[in-house]
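Here is the structure we will look at.
The values are calculated or read from the model by the stated rules, or taken from the named source; none is laboratory data. Just so it is clear, the model here is predicted, and its values are computed rather than measured. All Cβ positions, glycine included, derive from the backbone under ideal geometry; neighbour counts span all protein chains shown.
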Amino acid sequence: MAAHDPSPASLPLDDTGPWLVEVALPVPLRQTFTYKIPAGDINPAVVKRGLRVLVPFRSKLLYGITMSDAYQSADAYPRTRYLVSCDTRQIVIAEEVHHLLDWMVRYYRAPIGEAVKLALPPGVLNEKEIQFALSPNGKTFAESEAGGIVLAQLLGGPLTRKEWQLKAKTEIKLEDIRFWEDQGYLFIQSRDREKESIPHVTVVVVTEAGRAVDPTELGRAYKQIELLRWLRVRETHFARIPEIYAVFGSASPLLNQLEKKGFIERKRIPKYELLGDDAETTADAVHTLTEEQGAAFEEITAGLDLARFCSFLLFGVTGAGKTEIYLRAIQHCLENGRQALFLVPEIALTPLMHRRIRDRFGERLAILHSAVGMSQRSEAWANVLAGKVDVVLGARSGVFAPLPRLGLVIVDEEHDQSYKQNDGIRYHARDLALVRGKMAEAVVVLGSATPSLESWQNHRRGRHHLLTLTKRATKAKLPEVEILDMRGEFKAQRKRPLLSRRLQAAIGETLKSGNQVMILLNRRGYHNFLLCRKCGHVEMCSQCEVCLTFHRTDERLHCHYCNEIRPVPAACSSCAADGVALQFFGEGTQQIEAHIQELFPDYVVDRMDRDRLSAREAHQKILDKFESRQTDILVGTQMIAKGHDFPNVTLVGIVNADQGLRIPDFRSAETVFQLLTQVAGRSGRGKNPGRVVIQTYMPEHYCIRFAADHDFLAFLKKELTYREHLFYPPFAHMINIMVTHKDDQKAAQAIQWMAAQLNSVKQRADLVVLGPTKAAIGRIKGAWRYQIVLKSGDRASLHGFADQVVETCVARGLIERPAVTFDIDPYQFL
Ligand SMILES: Nc1ncnc2c1ncn2[C@@H]1O[C@H](COP(=O)(O)OP(=O)(O)OP(=O)(O)O)[C@@H](O)[C@H]1O
Ligand SMILES: [Zn+2]
């Protein structure tokens, strides 16, 4: 080790104590951990905030992220352990992301290590993937006499520590690992265990040079010129090999020659990127903006040119052409030399949008997409980190993308509840987007046809500028909506029908006229529950307090919370009455699909819901087939409502529209209104006018009536009145404190103690304490669940009290910290 050459930049080792660094580890604790830097081996001057390190933690090795630069301190805890290694090649968490994480950790009371994980490419902190490999030097050494038996085990290939110990039949000490690493014998690497499960295809791409070259320079190589020209006029600048063969016959020599000249290259790309490229592309012409679009765009550009934080609420009816505004705003932002972040609720559900934005920004775009393989995601992240891209398209966690010159953040469908994370750190990506925008002095655009009440209220308080689009961009009209009272239908048909006669007829007419149909039923499965008609018992999950749903696909009962799967019992599990007494009730998407297929045997019916998520590309395939009109009727849950633009859909049917209204949640009317408006908005976007049939047992409910009238403002007015009156968000701030524990008693005790404490201070604190109650779903995955919901007009004091109560409860040993979850600004109360 004496050979270590201290570089001039290395900091002096004086007697003010050892060099230390703070590290965040992926453990559910709210602290960072201090480690010593082996200063003889790792130059403290290069240990900066945001690097990946490998450290010993308890009996394991863990990857973590440095949360500070190296510092010296004389009063380090004497048993502070040393870092094993530090990857100084690249800062993996950029400075601007640190600021956002700091804010998030404070606001959501989150463990820093878990927060850090959100901001990293997948697998970076995954300890299971750590393996040790010999360097060429190490190989020579291990083969030599001096190498010793332990190191020799690695001659057969890289091993994890566990595997290595097993082979060497001895414990391998961390000091030894560090020593070998320092000697340059050992690499620590991550084992990419994921197989390349994404199908890839080879495409031919025109290179920069190929785009720039004047084809006449190719002289008399007419065929080459022709092929190059053909590729260049294609929007995407690439083509698949079979397509080229189809046009040019045996093209192989041509391709080779062009490749040699550097005008084209062959590239493997994931197949999903081709989506519909083989089909005649719905050529995404750059439209001339409508008057309303133009006005909105001008205001946004004015904001961008000021290069200061400001936020817009872009409220535009379904089909108003919000996407076109986003794309132009991004363009403008890039022209100003800054970067843009584009958030959508779920990328897998919007392949079309995905394609449009890729066509526009090509290589400058990175897609942080959870539905693609890990290695691709890591590659996308790496490109962002390396500053190779200027536009990032991502879902929720895209808000953490490292973009140092961020100038614009777009949150599309800002009302969508999938922006709120409902486990782990319960952050809201829209809210973080605003925080991030503020930190970066960027413009934030929140867009929706049905803005959330929170955002609307923020506009009313002067925080967001409102931009309104009242008309569809294509001049298409909003669809005619008909509310169908199912109570009458019940009487007439003498049973509880799935589809009204009216909707059936409408489907028939639509199909006959050559158009497409979407049917929404926001519940998956076949039947909702299995009831014993003798004793009234409903078949429940053994781990959760929810009833099991029957799935036709495997003829079994499923729990939608923990995925327990059970065969259908032969007799009632409560009273043992035989199977005849057992009857299925309620309907789900599987049943509607089967029913419609039966009614319209000559047409193709497809279904999209969570159950079909298993195959990664399934959603895109389903949407693809629907877009290319291989499918006539698409049945699905709320997934089919999201932002799709299928011009041939002229009928949308909504089955059981009032279903969501029976959920005990103060937002249920808002959620249902949004869902109905969004799904209705899929109808009649093209040349032919659209219609919508809403089947409901609650036809006079205001949220259904206003949705049918496309009247967001009327809905808003009414809903805001209720919220204000009942003191709910956006007028009150909320926290949901939940205690979950395998031991029912323990959980109940802790929550009661907390409630008592809160009640004793509530006068002073303008605090409303709801509960304690057992959660509506009292047990999930075997853990009992109790909650207190707190409301207050004053956010700071609300958060302060909640903290205090929980901390003292933990300090008194009533419960351990991990058993308590804080849901700040909660969206789920079940
Ligand atoms: N200026 C324009 N002229 C003509 N067509 C346009 C124009 N702008 C957008 N469009 C077209 O209008 C259709 C709807 O646009 P888009 O999907 O962006 O709507 P949206 O506002 O996002 O709607 P939703 O809220 O329903 O998702 C698209 O097919 C788009 O190509
Ligand atoms: Zn369950």
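Give the residues of segment 33-43 that are modelled with pLDDT of 90 or more and in contact with a Ser or Thr (Cβ under 8 Å, 6 or more places away or on another chain), sorted by residue number. Scanning segment 33-43 gives THR34, TYR35, LYS36.
Looking only at residues in segment 436-457 that are touching a Ser or Thr at 6+ places or on another chain (Cβ under 6 Å) and more than 8 Å from PHE309 (Cα to Cα), the one that is nearest to ligand 2 (Cβ to nearest atom) is THR450. Tell me, yes or no, whether segment 513-527 has at least one residue that is part of a helix (DSSP H, G or I) and either closer than 30 Å to GLN630 by Cα or touching an Asp or Glu at 6+ places or on another chain (Cβ under 9 Å) (or both). No; the residues of segment 513-527 include none that is part of a helix (DSSP H, G or I) and either closer than 30 Å to GLN630 by Cα or touching an Asp or Glu at 6+ places or on another chain (Cβ under 9 Å) (or both). Can you confirm whether HIS354 is on the phi < 0 side of the Ramachandran plot, within 16 Å of ligand 1 (Cβ to nearest atom) and either outside the structural domain of GLU413 (by TED's automatic domain parsing) or over 23 Å from the mean Cα position of the chain (by Cα) (or both)? The answer is no for HIS354. Summed over segment 239-277, residues that are in contact with an Asp or Glu (Cβ under 8 Å, 6 or more places away or on another chain) and either modelled with pLDDT under 75 or over 20 Å from ASP359 (Cβ atoms) (or both) total 7.
Output the residues belonging to segment 677-707 that are in a loop (DSSP other than H, G, I, E, B) and of a type in the set (A, V, I, L, M).
MET698
Any residue in segment 401-410 that is under 20 Å from ARG328 (Cα atoms), β-branched (Val, Ile, Thr) and either surrounded by fewer than 23 Cβ atoms within 10 Å (Cβ to Cβ) or more than 16 Å from ligand 2 (Cβ to nearest atom) (or both)? For segment 401-410, residues under 20 Å from ARG328 (Cα atoms), β-branched (Val, Ile, Thr) and either surrounded by fewer than 23 Cβ atoms within 10 Å (Cβ to Cβ) or more than 16 Å from ligand 2 (Cβ to nearest atom) (or both): present. For segment 757-791, the set of residues classified as over 15 Å from PHE822 (Cβ atoms) and within 16 Å of ligand 2 (Cβ to nearest atom) consists of ALA776, ILE777, GLY778, ARG779, ILE780, LYS781, GLY782, ALA783, TRP784, listed by residue number.
Number of residues in segment 524-533 that are modelled with pLDDT of 80 or more and not aliphatic (A, V, I, L, M) equals 1.
Of all residues in segment 537-594, those that are in a helix (DSSP H, G or I), out of contact with any strand residue (DSSP E or B) (no Cβ under 7 Å at 6 or more places or on another chain) and either within 16 Å of ligand 2 (Cβ to nearest atom) or modelled with pLDDT under 85 (or both) total 1.
Looking only at residues in segment 204-236 that are surrounded by 14 or more Cβ atoms within 10 Å (Cβ to Cβ) and touching a residue at least 60 places away in the same chain (Cβ under 8 Å), which one is nearest to the chain's Cα centre (by Cα)? Residue satisfying both the conditions and the ranking: THR236. Take GLY579 and tell me if it is of a type outside the set (S, T, N, Q), away from ligand 1 (no atom under 16 Å from the Cβ) and under 30 Å from LEU651 (Cα atoms). No, not satisfied.
Only residues that are closer than 24 Å to PRO122 by Cβ and of a type in the set (A, V, I, L, M) were counted across segment 26-68, and they come to 10.
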